[in-house]
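The values are calculated or read from the model by the stated rules, or taken from the named source; none is laboratory data. Since this is a predicted model, take the numbers as computed values, not measurements. Cβ atoms come from the backbone with ideal geometry, glycine included; neighbour counts cover every protein chain shown. SASA here: full protein model, heavy atoms, side chains in, ligands and nucleic acids out. Shrake-Rupley method; radii C 1.70, N 1.55, O 1.52, S 1.80 Å.
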Amino acid sequence: MKLRSMLFVPGDRPERIEKSIAAGADAIIIDLEDAVAIDAKPTARKHAADALARHGRTLPIFVRINPLTSEHLAEDLAAARGAQAIVLPKSESAECIQRLCDALFEVVPILPIATETPAAVFGLGSYGKVANRLLGLTWGAEDLPAAIGATSSREADGRYTPPYEMVRSLALFAAHAAGVPAIETIFPAYRDLDGLAAYAKCAVRDGFSGMMAIHPAQVPVINAAFTPSQETLAHARAVVAAFEANPHAGVVSLDGKMLDAPHLKQARRALAQGE
């Protein structure tokens with residue numbers, strides 16, 4: 001499944017669900033959690049189930065349920081039947097994934113948001129135990145500050161403060177340690193498309209393979225950032241060809257530069273993304 005962009009949409013806004021389906025995202029995430037008020041959650045579940053019935057065969061539709069400790073869990077999972085993934089908020093460890101698997105009506109991949117509580121930060125290294133049940137691993141910088149009494153996760157210029165830079169890095173490495181895609185968090189300034197492009201470019205550079213969006217206008221920018229350019233693909237093909245021409249060499253030369261195994265791995269990853 002190609003997952004460059006995943007677009008959040010509130011479950012209680014059916015008109016937005018329809019617009020999101022046409023936005024060009026690789027998947028949409030129908031939100032039953034933070035974007036939906038408590039008294040609107042039954043309506044959101046109904047609209048989520050309707051969208052899955054109408055569009056679930058033509059577009060990957062994920063559902064973000066409420067946390068495992070929520071009284072809404074059973075009803076959320078019933079409404080999410082047929083979803084191509086479950087997004088689990090406030091996941092704290094592999095144990096949370098196993099608990100969710102035990103509660104599911106069907107086998108479906110899970111995308112945990114794995115940094116939303118202080119305890120979750122210390123559970124990041126455990127997800128390799130349940131990697132076969134994961135679609136990927138993502139993080140968030142909105143709930144954690146509130147959980148610890150921080151006033152913000154960002155500097156005045158929009159950069160993350162050091163604690164949240166650390167959490168982002170740990171989530172990135174946790175995903176790769178588990179062997180699953182690392183998914184970058186949202187860029188909340190949805191009108192700042194230039195800022196989004198710069199942020200997404202950094203995410204690609206750092207090793208994320210996709211990103212979540214909160215507005216349809218963000219989708220083309222994210223898709224472009226996570227789609228390798230023709231120049232990148234041409235270079236990757238040349239790197240692979242150089243190694244194939246010298247199958248017994250640990251190091252090869254290309255365009256005056258020495259390349260070894262990590263360069264070959266990066267080239268193959270770029271070609272896989274391009275496909």
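Brief remarks on what is shown
- Selection status of V130, in contact with a strand residue (DSSP E or B) (Cβ under 9 Å, 6 or more places away or on another chain), aliphatic (A, V, I, L, M) and not in a helix (DSSP H, G or I): no
- Qualifying residue in segment 192-211 (condition: among the acidic types (D, E) and over 15 Å from the mean Cα position of the chain (by Cα)): yes
- Flag: A189 does not match the condition of being at pLDDT 95 or above, among the small types (G, A, S) and within 30 Å of E142 (Cα to Cα).
- Taking the criterion of being in a loop (DSSP other than H, G, I, E, B) and either modelled with pLDDT under 95 or β-branched (V, I, T) (or both), the residues of segment 1-12 that qualify are M1, K2, L3.
- Residues in segment 144-161 that are touching a strand residue (DSSP E or B) at 6+ places or on another chain (Cβ under 8 Å) and not in a loop (DSSP other than H, G, I, E, B) were compared, and the one that is surrounded by the fewest Cβ atoms within 10 Å (Cβ to Cβ) is R154.
- Any pair with Cβ under 8 angstrom, 6 or more apart, that starts in segment 37-59 at a residue that is more than 14 Å from G11 (Cβ to Cβ) and ends at one that is open to solvent by 60 Å² or more (accessible area, probe 1.4 Å): G56/Q84
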